[in-house]
Amino acid sequence: MAGENPASTTEYIQHHLQNLVYGLHPENGWSLARSAEEAADMGFWAIHVDSMAWSIGLGLLFCWIFRSAATRATTGVPQGLLNFVELVVEFIDGSVKDSFHGNNKMVAPLALTIFVWIFLMNFMDLLPVDLIPSLLSLAGVHYQKVVPSTDPNITMGMALAVFVLMLYYSIKIKGSGFVAELTMHPFNHWAFIPINLFMETVGLLAKPFSLGLRLFGNMYAGEMIFILIAMMFAAGAGTGLVAGGLNAQLFGEYTNGWFWLIIFTLVVGVCWLNLKGRVSTIKTVLLCMIFMTLGGGVFALGGGLMQWGWAVFHILVITLQAFIFMVLTVVYLSMAHEEH
Amino acid sequence: MNINLTLFGQMVTFAFFVWFCMKYVWPVIIEAMDERQQKIADGLDAAERAMRDLESAQSQVSDRMQIAKQEAAGIIDQANKRAGQIVEEAKQQAIAEGDRLKVAAAAEIDQELNRAKEELRGAVAGLALAGAERILEASVDDAANRALVEQLAAQL
């Protein structure tokens, strides 16, 4: 957590935006980067351990959930998980049938993988920004970005994979027609071939870039806003009881994890009691606000409300981004299958 | 933030997950869903067919009932007619039998009457002869008188 002074605020943000990197350092050889400089020195021969681990983990989660549903698939009455999975599958199937008219058995599973996987990766954004990094730093891991889709490597990796598929099917389906498309379009005359080639290549390359960067940009910005809001919790440190709450009184600029854990437990406890029907909803909201104000002052209360608001809005964003990536992939592949 | 090996790592991972989904997830679920859809469609068809069958069976039943009722009414009519006929016949027979009995009785009466007349004639003839014998006392020709008396008896 950062204090109010600009240097540590910047540090806090930068720390949050730094991946855990394993790579070939010019001096240390293959090793984990211990600072942002070391990570930068590694250049291309490095891998973002956190992004890959979360992305693979979430991919496996997707495979596991859908595979276990598939093994339970019956022609009888579907129940529980199977219902949910079939809902998703049917939704994807409908979207694919709407926009893809070729005959390709790969497109629908591809779309399903993209949608669910990207949704899961985006979903990591809704976890409190400091939760997993803090826990892992207790375990000795100092850098951690838990949202794989805020890593351009991840989004561009997927976009490039889609691009490879686009090229493959363009050449496979159209053959020389693909070359003609690149050279004789939009001006159908041999003299315009260089201009056509330039324009069409730009258009072609724009597809994977827009695909990957759109997702990256949205998620990165969303994550950034979560980080900025998270700073509010400690922003009141050292500013007195009203603005900074007990946290500021007891710990000054150096906030204490255990203190926040107590506040967190109180808030969650009240919410739980409300769900059990012991506390009325109005009381719950008031109690939560009182706990947060006591703990972190007005800033923490504001931070909490903003975090909540942004998270609710973000649920829309993460779903929409996953959907857009999927639909555009299907559309691009559909274009690759169509003869002009 | 720099582009590095992660890019290719993600491409490979992506390819693997797509392959997995294509091989082990999508076809299985889609197949199950299609089959279920088929089953439901078949079930609805069967239900409709059963409904139609039921309707036709009901109309058949009411037709049969109609026919049966008509038949029953016909049978009752016939039975009534037949009963009347039987009663009529029995009446006729009874009348004929009565007539026959009457004729027989009359014949018997006639017969009895004749026999009684016969006996009476014999007895009258004897009595008359005995009376005349006593009146005339032995002088009378028996043969001539008998013919005379029998002539008289025949007139009775």
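The values are calculated or read from the model by the stated rules, or taken from the named source; none is laboratory data. If you're wondering where the values come from, they're calculated on a predicted model, not measured in any experiment. Cβ coordinates were reconstructed from backbone atoms using ideal geometry, including for glycine residues, and neighbour counts include every protein chain displayed. Heavy atoms of the whole protein, side chains included, go into the accessibility calculation; ligands, DNA and RNA do not. Shrake-Rupley method; radii C 1.70, N 1.55, O 1.52, S 1.80 Å.
Sub-7 Å Cβ pairs linking a first residue in the stretch A:171-186 that is among the acidic types (Asp, Glu) to a second residue that is open to solvent by less than 30 Å² (accessible area, probe 1.4 Å), at least 6 apart or interchain, are A:GLU181/A:LYS174, ordered by first then second residue. In the condition set (1) outside any helix (DSSP H, G or I); (2) modelled with pLDDT of 90 or more, A:ALA206 is compliant with all but (1).
Of the residues making up the stretch A:311-331, those that are open to solvent by 30 Å² or more (accessible area, probe 1.4 Å) and hydroxyl-bearing (Ser, Thr, Tyr) number 1.
Whenever a residue of the stretch A:38-52 is farther than 12 Å from A:LEU24 by Cβ and without any contact (Cβ under 8 Å) to a residue 40 or more places away in the chain, its partners that are buried (at least 17 other Cβ atoms within 10 Å of the Cβ) and of a type in the set (Phe, Trp, Tyr), lying with C-beta atoms within less than 6 angstrom and at least six residues away or across chains, give the pairs A:VAL49/A:TYR22.
Which residue, of A:TRP308, A:TRP260, is open to solvent by 40 Å² or more (accessible area, probe 1.4 Å), free of Cβ contacts under 8 Å to residues at least 12 places away in the same chain and part of a helix (DSSP H, G or I)? Going through A:TRP308, A:TRP260 in turn, the sole match is A:TRP308.
Whenever a residue of the stretch B:26-42 is within 7 Å of chain A (Cβ to nearest Cβ), its partners that are hydrophobic (A, V, I, L, M, F, W, C) and open to solvent by 80 Å² or more (accessible area, probe 1.4 Å), lying with C-beta atoms within less than 9 angstrom and at least six residues away or across chains, give the pairs B:ARG36/A:VAL77.
Kindly evaluate B:ILE3 against the criterion of being closer than 22 Å to A:GLY59 by Cα, open to solvent by less than 60 Å² (accessible area, probe 1.4 Å) and over 60 Å from the mean Cα position of the chain (by Cα). Considered against the rule, which asks whether it is closer than 22 Å to A:GLY59 by Cα, open to solvent by less than 60 Å² (accessible area, probe 1.4 Å) and over 60 Å from the mean Cα position of the chain (by Cα), B:ILE3 comes out as no.
Elements of the type helices (runs of 4 or more DSSP H) sitting completely within the stretch A:111-193 and holding at least 2 residues that are among the aliphatic types (A, V, I, L, M) and within 25 Å of A:SER35 (Cβ to Cβ): these cover A:131-138, A:152-169. From the list A:PRO148, A:PRO133, the lone residue that is more than 14 Å from chain B (Cβ to nearest Cβ) and open to solvent by less than 40 Å² (accessible area, probe 1.4 Å) is A:PRO133. Does any residue of the stretch B:11-22 turn out to be over 21 Å from A:ASP93 (Cα atoms), within 7 Å of another protein chain (Cβ to nearest Cβ) and of a type outside the set (Ser, Thr, Tyr)? Looking for residues that are over 21 Å from A:ASP93 (Cα atoms), within 7 Å of another protein chain (Cβ to nearest Cβ) and of a type outside the set (Ser, Thr, Tyr), one finds at least one in the stretch B:11-22, hence yes.
No other residue among A:PHE163, A:PHE178, A:PHE192 is open to solvent by 80 Å² or more (accessible area, probe 1.4 Å) and not β-branched (Val, Ile, Thr) apart from A:PHE192.
In the list A:TRP45, A:TRP54, which residue meets the criterion of being open to solvent by 30 Å² or more (accessible area, probe 1.4 Å), of a type outside the set (Val, Ile, Thr) and in contact with a Gly (Cβ under 7 Å, 6 or more places away or on another chain)? Write out each step before concluding.
Details: A:TRP54 fails: in contact with a Gly (Cβ under 7 Å, 6 or more places away or on another chain).
Testing whether each residue is open to solvent by 30 Å² or more (accessible area, probe 1.4 Å), of a type outside the set (Val, Ile, Thr) and in contact with a Gly (Cβ under 7 Å, 6 or more places away or on another chain) leaves just A:TRP45.
A:ASN122 falls short on exactly one of the conditions (1) open to solvent by less than 20 Å² (accessible area, probe 1.4 Å); (2) touching a Ser or Thr at 6+ places or on another chain (Cβ under 7 Å); (3) within 14 Å of chain B (Cβ to nearest Cβ), and that condition is (3).
Regarding the stretch A:265-287, can at least one residue be identified that is out of contact with any strand residue (DSSP E or B) (no Cβ under 8 Å at 6 or more places or on another chain), at pLDDT below 85 and open to solvent by less than 30 Å² (accessible area, probe 1.4 Å)? No, because not a single residue in the stretch A:265-287 is out of contact with any strand residue (DSSP E or B) (no Cβ under 8 Å at 6 or more places or on another chain), at pLDDT below 85 and open to solvent by less than 30 Å² (accessible area, probe 1.4 Å).
When A:GLY102 is tested against (1) outside any loop (DSSP other than H, G, I, E, B); (2) more than 14 Å from chain B (Cβ to nearest Cβ), only condition (1) is not met. Tally time: how many residues in the stretch A:57-85 are closer than 18 Å to A:VAL116 by Cβ, open to solvent by less than 50 Å² (accessible area, probe 1.4 Å) and among the hydroxyl-bearing types (Ser, Thr, Tyr)? Going through the stretch A:57-85 one residue at a time, the tally reaches 1.
Given the options B:LEU156, B:LEU152, name the one that is of a type in the set (A, V, I, L, M, F, W, C), assigned to a helix (DSSP H, G or I) and open to solvent by 100 Å² or more (accessible area, probe 1.4 Å).
The match here is B:LEU152.
With respect to the conditions (1) open to solvent by 50 Å² or more (accessible area, probe 1.4 Å); (2) farther than 27 Å from A:VAL89 by Cα, B:GLY74 falls short on a single one, namely (1).
Filtering the stretch A:20-42 to residues that are over 22 Å from A:ALA139 (Cα atoms) and outside any strand (DSSP E or B) leaves A:PRO26, A:GLU27, A:ASN28, A:GLU37, A:ALA40, A:ASP41, A:MET42. For the stretch A:73-89, how many residues meet the condition of being at negative phi and more than 7 Å from chain B (Cβ to nearest Cβ)? Residues meeting the conditions: 10.
Here is a check on your reading of the model: is A:LEU204 within 27 Å of B:GLN10 (Cβ to Cβ) and out of contact with any His (no Cβ under 7 Å at 6 or more places or on another chain)? So A:LEU204 passes the test. For the stretch A:12-39, a tally of residues being surrounded by fewer than 19 Cβ atoms within 10 Å (Cβ to Cβ), modelled with pLDDT of 85 or more and within 12 Å of chain B (Cβ to nearest Cβ) returns 4.
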